[in-house]
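Scroll down for the structure; my scribbles are underneath it.
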Amino acid sequence: MSLLDTLVKVNISVSTAVADAASFENMLLVGPAPSAADATPPDVGVYTELAEVKAAGWAASDPVYLGASIAFANGATELYIAVNKKDEDVDVTLDRAIETPGWYGIAPCGIDKAKYTAIATWADANTKFFGFTVDGSVNPVGEGFARAFGFASKSIATFPNNAYTHIAMMAVGLGYDAGSETWAYKTLSGIEAEPFTQTEINALKEENLNCYVACAGKNITLDGRTVSGEWIDVIRFRDWLQNDMQKGIYNLFVTNPKVPFTSKGITLIQNQMIASLKKGQKQGGIADTEYDEDGNEIVGFTTSVPNAASVSNAEKAARTLKGCKFTARLAGAIHLVEVNGNLVS
């Protein structure tokens with residue numbers, strides 16, 4: 001030990017923020033095991049290219065392989081695959097899959113649509129997202145699920161790749177930062193636009209089902225809604241914001257000796273709320289501050305927290321801070337435009 005060490009002792013520890021396992025970029029394919037009897041893929045695996053899926057045992061004609069090929073063709077860079085074992089309830093498969101973190105969207109391939117309601121129920125309960133494609137124009141899960149979206153096909157027999165439209169859409173949609181995107185007007189690779197009439201499109205809207213159509217020389221997705229009628233991007237952004245704010249506040253507890261139950265400590269909590277909201281604003285999910293025609297400011301978000309002096313002794317004794325609130329304006333997206341003009345000579 002040097003003389004300096006004996007005169008001045010300095011100990012420095014490194015407080016590391018907790019890494020969060022939640023992801024809002026990757027999907028989980030759920031499908032049957034390979035058709036080859038000697039193939040033994042992991043119950044839940046992570047794949048970065050189609051060759052790895054083939055090496056795991058899925059043949060080119062297997063639904064999981066076909067789904068994976070569509071996912072990678074539409075920009076997926078990391079793909080999770082869970083094997084739905086023979087005669088196994090799908091929620092058992094998903095309970096096993098959630099032990100492998102890093103995915104958000106659930107995309108069935110080769111799974112009977114009779115299981116879709118169970119998947120939608122599980123997704124809502126576990127803050128995951130679920131996409132499906134249905135052969136026909138009837139929503140198979142009903143309207144009560146905020147985290148499920150569906151695509152309709154006029155005839156999967158005629159357009160076999162379109163059985164995986166939801167996988168293509170999920171790969172494209174999850175490729176954007178949450179809040180920066182809309183799931184309408186997207187072009188999908190490997191999926192054929194189908195000849196829906198305007199009457200049929202209107203009927204699909206009534207069922208809260210999406211479709212893939214040709215318009216003015218472009219193939220596009222319409223409309224980007226969940227089966228509850230909410231916009232897909234809004235639900236994904238809400239899930240992201242909740243997770244980001246939770247993570248920020250939790251890291252305060254982990255990286256500090258303590259967060260005091262004082263005005264200073266409460267301000268630290270509020271600052272984390274603001275940091276998440278500003279990040280959401282930067283990504284495009286929350287509106288920027290704007291001004292009305294009279295010049296009045298319309299802020300994008302506001303936050304409020306209790307004053308430490310007004311918190312009851314019982315709440316302080318329980319070390320529970322309540323009453324932290326925020327209000328934020330969604331930035332939304334423009335999907336339809338009406339323009340009225342007048343030509344004069």
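The values are calculated or read from the model by the stated rules, or taken from the named source; none is laboratory data. Here the structure is a predicted model, which means the values were calculated and not measured. With ideal geometry, Cβ positions are generated from the backbone for all residues, glycine too; neighbour counts draw on all protein chains shown. What goes into the accessible areas is simple: the full protein's heavy atoms, side chains included, and nothing from ligands, DNA or RNA. Shrake-Rupley method; radii C 1.70, N 1.55, O 1.52, S 1.80 Å.
So if I check each of Ala107, Ala123, which one is in contact with a Leu (Cβ under 6 Å, 6 or more places away or on another chain), among the small types (Gly, Ala, Ser) and buried (at least 16 other Cβ atoms within 10 Å of the Cβ)? Reasoning before the result, please.
Details: Ala123 fails: in contact with a Leu (Cβ under 6 Å, 6 or more places away or on another chain).
Testing whether each residue is in contact with a Leu (Cβ under 6 Å, 6 or more places away or on another chain), among the small types (Gly, Ala, Ser) and buried (at least 16 other Cβ atoms within 10 Å of the Cβ) leaves just Ala107.
Please find, among Tyr176, Tyr164, the residue that is part of a helix (DSSP H, G or I) and of a type in the set (Phe, Trp, Tyr). First the steps, then the outcome.
Details: Tyr176 fails: part of a helix (DSSP H, G or I).
Exactly one residue qualifies, and that residue is Tyr164.
Just for segment 70-96: of the residues that are part of a strand (DSSP E or B) and farther than 17 Å from Ala118 by Cβ, which one is farthest from the chain's Cα centre (by Cα)? Even if it seems obvious, please write down each step before you answer.
In the first step, residues of segment 70-96 are kept if they are part of a strand (DSSP E or B); the result is 79-83.
After this cut, where a residue has to be farther than 17 Å from Ala118 by Cβ as well, the list is 79-81.
Values: Leu79: 14, Tyr80: 15, Ile81: 17 Å.
Across segment 70-96, the extreme among qualifying residues is Ile81.
Give the residue that is nearest to Lys282 (Cα to Cα), with candidates limited to residues of segment 310-342 that are open to solvent by 90 Å² or more (accessible area, probe 1.4 Å) and touching a residue at least 40 places away in the same chain (Cβ under 8 Å).
The residue in question is Leu330.
In segment 57-69, how many are assigned to a loop (DSSP other than H, G, I, E, B) and buried (at least 20 other Cβ atoms within 10 Å of the Cβ)? It would help to see each step written out before you state the result.
The first filter runs over segment 57-69 and keeps only residues assigned to a loop (DSSP other than H, G, I, E, B), leaving 57-62.
Then drop every residue that is not buried (at least 20 other Cβ atoms within 10 Å of the Cβ), which leaves 58, 62.
Final tally of qualifying residues: 2.
Return the residue satisfying two criteria in turn: it lies in segment 31-48 and is among the small types (Gly, Ala, Ser) and over 12 Å from Lys85 (Cβ atoms), and of such residues it is most open to solvent (accessible area, probe 1.4 Å).
Narrowing segment 31-48 to residues among the small types (Gly, Ala, Ser): 31, 33, 35-37, 39, 45.
Filter again for over 12 Å from Lys85 (Cβ atoms), leaving 35-37, 39, 45.
Values: Ser35: 85, Ala36: 42, Ala37: 107, Ala39: 25, Gly45: 6 Å².
Applying the filter and picking the extreme gives Ala37.
Could you tell me whether any residue of segment 199-206 is buried (at least 17 other Cβ atoms within 10 Å of the Cβ) and at pLDDT below 95?
no
Do we find that Phe301 is open to solvent by 80 Å² or more (accessible area, probe 1.4 Å), in contact with a Phe, Trp or Tyr (Cβ under 9 Å, 6 or more places away or on another chain) and of a type in the set (A, V, I, L, M, F, W, C) in this structure?
Details: open to solvent by 80 Å² or more (accessible area, probe 1.4 Å): no; in contact with a Phe, Trp or Tyr (Cβ under 9 Å, 6 or more places away or on another chain): yes; of a type in the set (A, V, I, L, M, F, W, C): yes.
Against the criterion (open to solvent by 80 Å² or more (accessible area, probe 1.4 Å), in contact with a Phe, Trp or Tyr (Cβ under 9 Å, 6 or more places away or on another chain) and of a type in the set (A, V, I, L, M, F, W, C)), Phe301 does not qualify.
Restricting attention to segment 220-228, does a residue exist that is open to solvent by 40 Å² or more (accessible area, probe 1.4 Å), out of contact with any Phe, Trp or Tyr (no Cβ under 8 Å at 6 or more places or on another chain) and either touching a residue at least 60 places away in the same chain (Cβ under 8 Å) or not β-branched (Val, Ile, Thr) (or both)? Give the derivation first.
Restricting attention to segment 220-228, the residues satisfying the condition of being open to solvent by 40 Å² or more (accessible area, probe 1.4 Å) are 225, 228.
Cutting the leftovers down to out of contact with any Phe, Trp or Tyr (no Cβ under 8 Å at 6 or more places or on another chain) gives us none.
There is no residue in segment 220-228 that is open to solvent by 40 Å² or more (accessible area, probe 1.4 Å), out of contact with any Phe, Trp or Tyr (no Cβ under 8 Å at 6 or more places or on another chain) and either touching a residue at least 60 places away in the same chain (Cβ under 8 Å) or not β-branched (Val, Ile, Thr) (or both).
If a residue must be under 12 Å from Ile191 (Cβ atoms) and over 20 Å from the mean Cα position of the chain (by Cα), how many such residues does segment 208-224 contain?
5
For Ala216, state whether it is surrounded by 15 or more Cβ atoms within 10 Å (Cβ to Cβ) and out of contact with any Asp or Glu (no Cβ under 9 Å at 6 or more places or on another chain). Show your work before the answer.
On the way: surrounded by 15 or more Cβ atoms within 10 Å (Cβ to Cβ): no; out of contact with any Asp or Glu (no Cβ under 9 Å at 6 or more places or on another chain): yes.
No, not satisfied.
From the set of residues in segment 129-171 that are among the charged types (D, E, K, R) and within 16 Å of Arg225 (Cα to Cα), which is least open to solvent (accessible area, probe 1.4 Å)? Outline the logic, then answer.
Step one: filter segment 129-171 for residues among the charged types (D, E, K, R), giving 135, 143, 147, 154.
This time we only want the ones that are within 16 Å of Arg225 (Cα to Cα), so: 143, 147.
On the way: Glu143: 113, Arg147: 28 Å².
Per the stated criteria, the residue is Arg147.
Can you confirm whether Ala51 is among the small types (Gly, Ala, Ser), part of a helix (DSSP H, G or I) and touching a strand residue (DSSP E or B) at 6+ places or on another chain (Cβ under 8 Å)?
Details: among the small types (Gly, Ala, Ser): yes; part of a helix (DSSP H, G or I): yes; touching a strand residue (DSSP E or B) at 6+ places or on another chain (Cβ under 8 Å): no.
In short, no.
Filter segment 240-286 for residues that are touching an Asp or Glu at 6+ places or on another chain (Cβ under 9 Å), of a type outside the set (D, E, K, R) and over 24 Å from Asn307 (Cα atoms) and give the result.
The answer is Trp240, Asn243, Gly280, Gln281, Gln283, Gly284, Gly285.
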